[in-house]
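Shown next, in structure tokens, is the structure this report addresses.
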Amino acid sequence: MKFATKLIHAGVEPDVASGAIMTPIYQTSTYVQEAPGVHKGYEYARTQNPTRTALEKNLAALENGKDAICFGSGLAAMDAILKMLNPGDEIVSTNDLYGGSYRLMVKGYEKYGIKAHFVDMTDEEAVRNAINSNTKLMWIETPTNPLLRIVDISAMCTIAHEFGLLAVVDNTFASPYLQKPIDLGADMVLHSATKYLGGHSDTVLGAVVTSTEEQADELRYVQNAAGAVPGPMDCFLVLRGIKTLHVRVRQACKNAKDIARFLKEHSAVDNVYYPGFEDHPGHKIAKKQMKKFGAMVSFDLKNDTIENANAVLSGTKFFSLAESLGGVESLIGHPASMTHGAIPREQRLKVGLTDSLIRLSIGIEDYEDLLSDLEVALSKAK
Ligand SMILES: *Cc1c(COP(=O)(O)O)cnc(C)c1O
């Protein structure tokens, strides 16, 4: 099966009882047994649910993995992976990591004796230097948020395997339409399906796709034992969203490319962060490992103040001011005061996260409307 066919058909069968073409929302907590222990493979809905099973099979196929295990959110999925570690183990990760992932590693797991090191993952030497005999896990995220840096997945996985580490890629920003980390050597892939996979800003869900049955068994144990499972309605919504992933992401990438070019020419705009530009430091790697350059674009203003950013942020009509990304509708955000507000200003500026930095999640509206929306908003910049 090719990719678009997998999106629509993998893991999904017409309902046996009725022939319904859409996977039913099995809104049930338990399953009736014919006799003690005689059942259809389903006993209790924390352990298994047919709507969830369909989504898990579909996700495993999309990422060319062995299996997938779904959780109540992207961070719950990450939590299950971190539970595979033991006290004394260490993690090596990127210094440009999703804020919630950073928080979970540091505030969530340091007290259990797990230490994370955050390095510039575009620097192979820095990565090697951060690995020691206790390091067990490499956590990769690319493109990064909000500066859209690109990490070379296959180079990182090669280093990880040289030292016997598990290599995990958070593939939320790219989606499996643009990037397939397991094909590039990753052991596991994390998704916040809340974003591109669901695609309609109507649910929160997470998943891990594994490359071996052993990893899947371990995660399935955590899924059942800790119980951070998604409800069947959420699994249904993600399954439905996935069917149009390719057309949505293709259109969003096209809009993003045109908007990035427009921003680059604008007199009020300073830097534009978009891996599709040939002078982006990660452009060559992005071209190698991604199908297109994604639909996230960040930029900052020549007059770099929070007030100036606010003038632009409150001047849009179709770009809604909100956290999150990956939906059909375009969103605009201000990392310094929203997603990255907890990072001290000095540290923020050091990594290039300026006061006026604005992040766009480009949706699939008509390009002309998005463009005139930004034109009006940017005319408010001083
Ligand atoms: C949103 C996000 C997460 C967390 O996912 P939730 O579904 O919100 O828990 C993890 N990684 C990245 C890159 C994200 O954008």
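State, as an integer percentage, the relative contact order of segment 132-233 based on alpha-carbon contacts under 8 Å between residues 6 or more apart.
Working: 136 pairs, mean separation 19.9, N = 102.
Reported as a whole number, the value is 20 percent.
What residues of segment 327-346 lie in the reach of a label at ASP369, counting those whose backbone N is under 17 Å from a point 7 Å from the Cα along Cα→Cβ? Hits in segment 327-346 for ASP369 at 17 Å: 327-332. Counted by Cβ distance under 14 Å from ASN255, the other residues give a net charge of -1, where Lys and Arg count +1 and Asp and Glu count -1.
FRET efficiency for the ARG345 to SER379 pair, using the beta carbon distance and R₀ = 35 Å, is estimated at 0.80. Per Stokes-Einstein, at 4 °C and 1.567 mPa s, what whole-number D in µm² s⁻¹ belongs to segment 201-288, with the Kirkwood radius over Cα pairs as the hydrodynamic radius? Translational D for this selection: 76 µm²/s.
Taking 20 Å as the cut-off, the amide N atoms of segment 337-378 that come nearer than this to a point 7 Å along the Cα-to-beta-carbon line of SER267 belong to 371-378. Secondary structure note: in the chain, about 55% of the DSSP beta bridges are antiparallel. With Cα atoms as the point set, the radius of gyration and Dmax of the chain evaluate to 21.2, 74 Å. When only the Cβ of Lys, Arg, Asp and Glu is charged (+1, +1, -1, -1), the dipole of segment 173-297 relative to its Cα centre reaches about 680 debye. Here segment 251-319 and segment 1-67 have alpha carbon centers that stand 39 Å from each other. Remark: segment 3-242 carries 40 Å² of accessible area per residue (probe radius 1.4 Å; ligands, DNA and RNA excluded). Listed values for segment 90-102 are Karplus-derived 3J(HN,Hα) couplings in whole Hz (6.51 cos²θ - 1.76 cosθ + 1.60, θ = phi - 60°), namely 10, 10, 10, 9, 8, 7, 10, 8, 3, x, x, 5, 4, and x replaces Gly and Pro. For the chain, with all protein chains in place and a probe radius of 1.4 Å, 52% of the accessible heavy-atom surface sits on carbon or sulfur. I need the calculated FRET efficiency for the pair VAL32 and VAL328, taking r as the beta carbon distance and R₀ as 35 Å, to the nearest 0.05. It comes to 0.35. The relative contact order of segment 245-378, computed from alpha carbon pairs under 8 Å that lie at least 6 residues apart in sequence, is 28 percent.
With a simple spin-label model that places each label point 7 Å from the Cα along the Cα-to-Cβ direction, the separation between LYS111 and GLU162 comes to 3.7 nm.
Using just the helices of the chain, give the 222 nm mean residue ellipticity in deg cm²/dmol: DSSP H runs with n ≥ 4 each add -39,500 (n - 2.57), and the total is spread over all residues, rounded to 500.
Working: 14 runs with 134 residues, N = 382.
It lands at -10000 deg cm²/dmol.
Between ILE343, ILE153, ILE362, the Gaussian network model of the chain with springs among Cα atoms under 10 angstrom shows the greatest mean-square fluctuation at ILE343. Mind checking which lysines have their C-alpha under 16 Å from LYS291, skipping anything on the same chain fewer than 8 residues away? Of all the lysines, those that pass the test against LYS291 - Cα under 16 Å, at least 8 places apart if same chain - are LYS2, LYS180, LYS254, LYS257.
So, with +1 on the Cβ of K and R and -1 on the Cβ of D and E, and no other charges, what is the size of the charge dipole of the chain about its Cα centre, to the nearest 20 debye?
Working: 39 positive and 46 negative charges, 68 e Å.
My answer is approximately 320 debye.
The values are calculated or read from the model by the stated rules, or taken from the named source; none is laboratory data. Since this is a predicted model, take the numbers as computed values, not measurements. Note that each Cβ is placed from the backbone with ideal geometry, even for glycine, and that neighbours are counted across all protein chains shown. Calculation scope for accessible area: heavy atoms of the full protein, side chains included, ligands and nucleic acids excluded. Shrake-Rupley method; radii C 1.70, N 1.55, O 1.52, S 1.80 Å.
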